[in-house]
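Notes follow the structure.
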Amino acid sequence: MLNQLLWLLLSGYLNLGLAVGLTCGALLLLRPLLKRVLSPRQRLLLWMTAWLSAYVPQWYQILSWPHVLPVTFRDLITPRTMENLSFDRVPAYFPDCQGEQQINLALPGGAYLPVTLEPWMVTLAGAVLLGGVVLLTLYFCRRSEGIKARASQGRLLDWDGPELKPFYGLKPAGDYVLVRLCKGLPTSFVYQKAEKFDGIKYNMIYLQEELSPERMGMVLRHEFNHLKRKHPWMKVIITCGLVLHWWNPLIWLAYKYTCLDLEMDCDRFTLEQLSPQNCREYAKTLVELGAGKQIWDAPLAFGESDGAARVKAAVTWKKRPVYVVQEPWKQKNFWLRLPGCLLFLLLLLFFVGGPSNVVLPADLDLQITEQFGGREAFVRQDQQLQQEAGQFSDDVTIQQGWRQIDSDFFFRMAYQLSDGRWGESNWFAYRDGPWEFMGWDWLSGPPDLTEYEFYYPAA
């Protein structure tokens, strides 16, 4: 019993990590195209749809609701067999072990790989995965706290002082922000709610002491924009997702490029606020202060991620013209940006939309044969069930039936009775039975059978 419970938790965890990893892998493959047609902000939002699905299956299910397109990415990665489905819509590559040690791992093309699981295998796998989460959490927390403790020794600047007063207008409205000048920092960075003064937790910006006034202004503007665009919260979300699914290499790659898009989004937002001359100075600042490496923890650092890509984007960036026109569709740049916005919307719906009709008719037919003895027997049992419930008398019989499979394990049977009336029987198809009858509905007439398949009597 304990082994089954452990496998239930472990399989759900692995299924979620694989599904999120496949989404990240698809975004990585499409990245050369996405860099050309989407803004850093749009790419960042696509990344967040994957990261927000990385925690619990319920969140994955919530993000699956807008199924607008006929085919979505989650359709493509979901094994379309009853044994390899989960009730929370997460693809079940590792199915639940129902009292047996053998499971059928899902393979591409609907094939299975039989695997025998000994109790010690499940225990060992769970211990390794949990141990990795714990160790990585401790490492990140210790490293992050060490950096913060080192930075907190820096000199606290006064907003009315000569260093900060020229930049007071850049501070995000309503945010509690303080700035420290620190010695020996590899780069400048911002921490969300890092230090507490008088019962209030302040967002802290830690600046390198060596910065000139011009460079300090550039860096401050950049870090302020991180706060304005809620990037610290995004960094926390993706860092927690990385820790949780540390075993998936696609997650590590996704983390790297999500951090890069965080910085590029902030760079672009900052460049829009600068004059052409200051844009060139901003690019020089990136060159001079770039750390040249990924910082694998919580802070958003000015010099982290791919410095060459950020410098290239800053140098080639062109400020969008501003038109004083009331109607947005009369602006020249509106029509230039419209295709990119439409493409972003399609990509968002493609990656977020949940799987539909994931139960194959063949799977239902197999269960019908195993549990009821075939289609005819199932319909006759359904007829008897409705007669006993008083839906129609014993002298009224089912003449014809059509089946429609909904998402997950729901399906309905539309029946034409011998007295000419129409009714609908709703069922929930448990993978391991018994099936549950959900209710009977009378119809005013023949329903639209476009999305139904003829079911009874069998041809």
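Of 41, 142, the sequence from fewest to most neighbouring Cβ atoms within 10 angstrom is 142, 41. The three principal axes of the Cα atoms in segment 361-456 give end-to-end lengths of 34, 29, 20 Å, sorted in falling order.
Tally Lys/Arg at +1 and Asp/Glu at -1 over every other residue whose Cβ is under 10 Å from the Cβ of residue 164; what's the total?
Working: positive: 165, 171; negative: 158, 160, 163.
Combined, the nearby Lys, Arg, Asp and Glu give -1.
Taken along the Cα-to-beta-carbon direction at a fixed 7 Å, the label points for residue 418 and residue 29 span 5.6 nm. Computed over segment 122-264, the range of Cα coordinates on each principal axis works out to 62, 30, 29 Å, biggest value leading.
In this structure, the pairs whose alpha-carbon distance is over 25 Å, taken from 183/284; 183/230; 201/230; 35/183; 35/171, are 183/230; 35/183; 35/171.
Kindly put 218, 121 in sequence by how many other C-beta atoms sit within 10 Å of each C-beta, fewest to most.
Ranking 218, 121 by Cβ neighbours within 10 Å, fewest first, gives 121, 218.
Summing charges over neighbours of residue 23, with a neighbour being any other residue whose Cβ is under 14 Å away from its Cβ, gives +3 when K and R count +1 and D and E count -1.
Each value in this text was obtained by applying a stated rule to the coordinates, not by laboratory testing. Computed from a prediction, not measured in an experiment: that's the story for all the values here. Counting neighbours? That spans all protein chains shown, and the Cβs are built from the backbone with ideal geometry, glycine included.
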